[in-house]
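Read through the structure below, which is laid out as structure tokens, and then see the notes.
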Amino acid sequence: MSRFGGEHAARNRDDAAQEKSGSFFLGSMRTKLLAAFLVVALSPLLVFAYINHRSTLDALKESAYRSLSAAASQTVSRLSGFVAANIEIIGAEARLPALADYLLLPDQLQANRSIRDNQREILHSFAEKNPVFIHSYGLLNSQGVVVADTRHEKEGWSEARQGYFEEAMNSGLPCVSEVDVVPEYRQAFIHFASPVLDRNGRTLGVLRSTYSIAVLQQMLALDLGIAGDYSAPLLVDAKGRILAFGRLSHSSLSRYLLQPVSTLAPGAEGRTESHLTMAVKASEDTPQTFTTHLQLGDQGPEAVAMGVLSSMGWRVFFLQPEGVFLAPAHRQGQWLAGLAAAISLLAIFAAAISSRIFTRPITRLTEATRRVAKGDLRGRAPVYSNDEIGSLARSFNAMTAELERRIETENTLSDISREFINVPANATAEALRWALMRLASFLGLDIGMILQTTEASANGGRVFKLSHAWRSPLFVETKGSCLARGCALAWLDQRLREQSSFHIQDITLLPPEADCEREAFTDEGVRSLAVLPFSYGGEFRGMLCLASSKVREESFTEEELRLIRLVSEIFGTTLERHDSQEALRQSEERYALAQKAANIGSWEWDITTGRLYWSDALEPLFGYEVGEFQGTYKAFLDMVPPEDRKMVLDAVGASFRRGASYNVEHRIMRKDGGERWVAEAGEVVLDAEGRPQRMRGILQDITERKWAEDVLSRLNKRLEQLVEVRTKDLENKAHELELANKRLMALDEMKSTFLTSVSHELRTPLTSVLGFTRIIMRDFKRIFLPMAVQCSETVQKRSYRILENLEIIASEGDRLTRMVNDVLDLSKIESGRMEWRDRDVDFGKIIEQSVRSVGGQLRGNSDISLRMQIAEDLPKVHMDPDRLSQLLVNIVGNAVKFTEQGEVLVQACSPVEGAVQVRVTDSGPGIERDELSKIFDKFHQAARRDTMDDKPPGTGLGLAICQQIVDYYGGILWVESELGKGSTFVFELPVRNAQDGYGADPQPAWGKSVTGWDMA
């Protein structure tokens, strides 16, 4: 029990000395009480009450301090595990090759949207392991600039002066920062960082994860009350700032967050510093238990025990109001006071009886508390009655038993955790088996097993295979069992999906659908089973099974379940680390194979000793057998021809002076006298004082490339001569084309000017003609037509003929106006003078309005049905709403115009992200195949086979304008038609906002939910 510290041992020695020196005066409790009753009725009872009260207070205080110390140690262990796990995780994530490959890219490629989005997706996948508290993941280049981040606004920020960036870059190891406040977010964070290295071990940048400090508050909240009622942990950093306090809510904590601990616990009267402030400044190895006062309500004095998180310099203080754990003693004192009044009436007559009734249990309880105070947690107080003293003894026994159990649990967890610290890959299996033995033995079970998922079964479920197991010596290992081979435990798999853990009291009572589980575990000798899943890499990877050969009816306690869950997490982390180590080993083997296949070898030169180390691939390049090379830099230079040797030495010398890498191509002389070309690249490694310590690099055989370059050089010279002759011919042709293009542009400008002028000149008389025509029609209907009805039949017919002629004039005038407007619009679009009033518009709403405007032409016509199917999740588009309406009205109007009977269907959807599509399908006569390629040409009209139709033929510009509008917005427009079965006009537009460009061309994909509308 040395963990409770030397201070408690000193107290015990002082108590023992005091008891020995005062034994003559105190005597036994029974004798003392009997003598007191003989002298005075009440005084001895008061003495007894006082001594009993003080003993109880001391015992309760000692017990409370031990509980608080154990709780502080548990919280320190949890925080230490959190920091160590995140450092290990960030280090493993930083080794992902995709990060190094991205940092090796030039700045232009790093800025590529798709490449950066890929990096963001990787960072988002890292952040998914704790999305609640991970604020962001960022990738920093070697200058400390954020090149990719899950929070896009941070990209481009410089974090070069941040301590975690400098430590990761300088040390080459993962690290954790102090808690700091980011002004842009006005929040406190803690950062984990790890260097990102290339294949040569060169630091390219830093991978950084940022946790909200709220994670510390959440972790402390888990330990709230574990040392007793109202007990809570307080976390303070090395600077004495408050990081988290389990007793406060998140909103209340904001008042004290990162404030000095003195704001929470000011110094008492006459003192400048409180015990809490002085404990922060004390050395880490100094045990601390003391009493302090907090400025949080009126809780009275607080008992405090301190634990130290050495890796961070943090202090964990576990606090509990003294009034809480001393309440039993206070209640006992009140009860004794009333008892004293009653006993005083009995006086000497009840002295002997009272001495036996009250002295013996209190004495035994006192002895038990002293044993506990000395560190013997197995000591128990005997219970002689059901009164308050008996209740106190039972409470004391329960408290010591619970404390002993918790300490044993923490010892078990600590032993298992230490077993997996820096465990090598080849010892992982043995460490797992030992941990299973330790856990199962502690819980009183016979079997511990780890089942890992391997592959999907035939029915799509997961297959579980026994990978690690421990059995008590009474069991014989069954190598041919179902679990050893791997089997699909479908029922168990489903239960794990529905709940995180469960306990099967009797395996034989499983339902019929669990026959496979019953058979598999029965073969292993299992009768009772507890199952918990474990995961790593964000995925379910298997389950931890703790079993017994007998039926276990009692359920696991919360403390046992917590231990099992923590061990399951440790197993998941260990297996993940083992897989990473195995993947690294395989990667190194593949790297060596790749070097051999590409004629590449690596080297390292120890400058201080002159030794030169080659990989196995280099010696054959120089014509040596493996191991034959002398291993000195001078021996290497002797194999470089004299005419190339100076170039190599100059490159190496420049690298020494500048501390930069070098690349040089030169020849070498093989052992057999042959000559080869090699490409050499190297870099210098400096020591702490900036002096060259060693060099490392690679050599690649480029003889074949040099030969090819020589051949290519001769071919290039010949090609340059041919290109020069061809270029002169092309320049002459280009000059001629430029002159012709200028003439065409002038003619096109004249045409546009002419069309604009003619259009404006036609509009003025057309407006007058249409206006007066409608006035004449109105007056004719109102005045002359009623008069003609009263006249002869000839007058009536002529009146109606006049009215029909006026309507024809108005209709043809409208058609001519539309034609003039179409010509003017087409001219503006082609000349680039069209005004595009782009804004974000509701695509579905514009479609509905446009179709309804065309639908007005069908009122009273029951032969044609106009229907819409518009997807509910259409995005907004950024374009001119008038041009979009013009596009829709032209296409839908054409469909209505060429449909005699049947329906016109308008469909709209977003087939892929970033695009919208509209399909207009009619049941008209269709378009002949030879006209499909000309349907969007200006002034082209599809041939009508029903020459008796009285519908106006149109201008032949509507579809041409539609094509221009769609082209302007980067979309596509096409037609699908089969003669006699109707036509379908389809256009697709990319979705964009005011800042973004258009997206990629989408592919149609129907089948989304739509809203329907029908106009018959």
Any residue in segment 62-71 that is surrounded by fewer than 17 Cβ atoms within 10 Å (Cβ to Cβ), farther than 21 Å from T573 by Cβ, out of contact with any strand residue (DSSP E or B) (no Cβ under 9 Å at 6 or more places or on another chain) and of a type in the set (S, T, Y)? no
Count - residues of segment 659-678 that are small (G, A, S) and open to solvent by 60 Å² or more (accessible area, probe 1.4 Å): 1
Only helices (runs of 4 or more DSSP H) wholly contained in segment 474-575 count here; list those with 2 or more residues that are over 23 Å from G444 (Cβ atoms) and touching a helix residue (DSSP H, G or I) at 6+ places or on another chain (Cβ under 8 Å). 490-498, 515-523
From K951, K934, which residue is modelled with pLDDT of 70 or more and among the basic types (K, R)? K934
Residue that is nearest to V652 (Cα to Cα), among those in segment 606-621 that are open to solvent by 30 Å² or more (accessible area, probe 1.4 Å) and either assigned to a loop (DSSP other than H, G, I, E, B) or of a type outside the set (D, E, K, R) (or both): I607
Name the residue, out of G956, G970, that is at pLDDT 55 or above, in the same structural domain as F843 (by the TED database) and over 48 Å from the mean Cα position of the chain (by Cα). G956
Suppose the filter is within 49 Å of the chain's Cα centre (by Cα), modelled with pLDDT of 80 or more and either farther than 22 Å from A59 by Cβ or loosely packed, with under 13 Cβ neighbours inside 10 Å (or both); does G267 pass it? no
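Conditions tested, residue by residue: (1) in contact with a strand residue (DSSP E or B) (Cβ under 6 Å, 6 or more places away or on another chain); (2) modelled with pLDDT under 90.
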{"residue": "R852", "(1), (2)": "no, yes"}
{"residue": "L887", "(1), (2)": "no, yes"}
{"residue": "N890", "(1), (2)": "no, yes"}
{"residue": "V906", "(1), (2)": "yes, no"}
{"residue": "P911", "(1), (2)": "yes, yes"}
Out of F571, F556, F534, which single residue is under 25 Å from R406 (Cα atoms), over 29 Å from the mean Cα position of the chain (by Cα) and among the aromatic types (F, W, Y)? F556
Check L220, L204, L243 and return the single one that is touching a helix residue (DSSP H, G or I) at 6+ places or on another chain (Cβ under 7 Å), under 30 Å from A660 (Cα atoms) and at pLDDT 85 or above. L204
Checking the conditions here, which among A168, A160 is out of contact with any Gly (no Cβ under 6 Å at 6 or more places or on another chain) and at negative phi? A168
Lone unmet requirement of (1) open to solvent by 70 Å² or more (accessible area, probe 1.4 Å); (2) more than 30 Å from A84 (Cβ to Cβ); (3) at pLDDT 75 or above for I353: (3)
Residue that is touching a strand residue (DSSP E or B) at 6+ places or on another chain (Cβ under 9 Å) and at pLDDT 75 or above, where the choices are S580, S568: S568
Counting only residues that are open to solvent by 40 Å² or more (accessible area, probe 1.4 Å), under 16 Å from W335 (Cα atoms) and assigned to a helix (DSSP H, G or I), segment 384-402 contains a total of 2
Considering residues that are of a type in the set (S, T, N, Q) and either outside any helix (DSSP H, G or I) or touching a residue at least 24 places away in the same chain (Cβ under 8 Å) (or both), the number found within segment 768-785 is 1
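Every residue, every condition in (1) in a strand (DSSP E or B); (2) open to solvent by 10 Å² or more (accessible area, probe 1.4 Å); (3) at pLDDT below 85, yes or no:
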position: F165; (1), (2), (3): no, yes, no
position: Y185; (1), (2), (3): no, yes, yes
position: I190; (1), (2), (3): yes, no, no
position: V215; (1), (2), (3): no, no, no
position: I226; (1), (2), (3): no, yes, no
Can you find a residue that is outside the structural domain of I600 (by the TED database), more than 23 Å from the chain's Cα centre (by Cα) and not charged (D, E, K, R) anywhere in segment 187-202? yes
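The values are calculated or read from the model by the stated rules, or taken from the named source; none is laboratory data. Note that the coordinates shown come from a computational prediction; the quantities given were computed from them, not determined experimentally. Note that we place each Cβ from the backbone using ideal geometry, even for glycine, and neighbour counts take in every protein chain shown. Heads up: the accessible areas ignore ligands, DNA and RNA and are worked out on the full protein's heavy atoms, side chains in. Shrake-Rupley method; radii C 1.70, N 1.55, O 1.52, S 1.80 Å.
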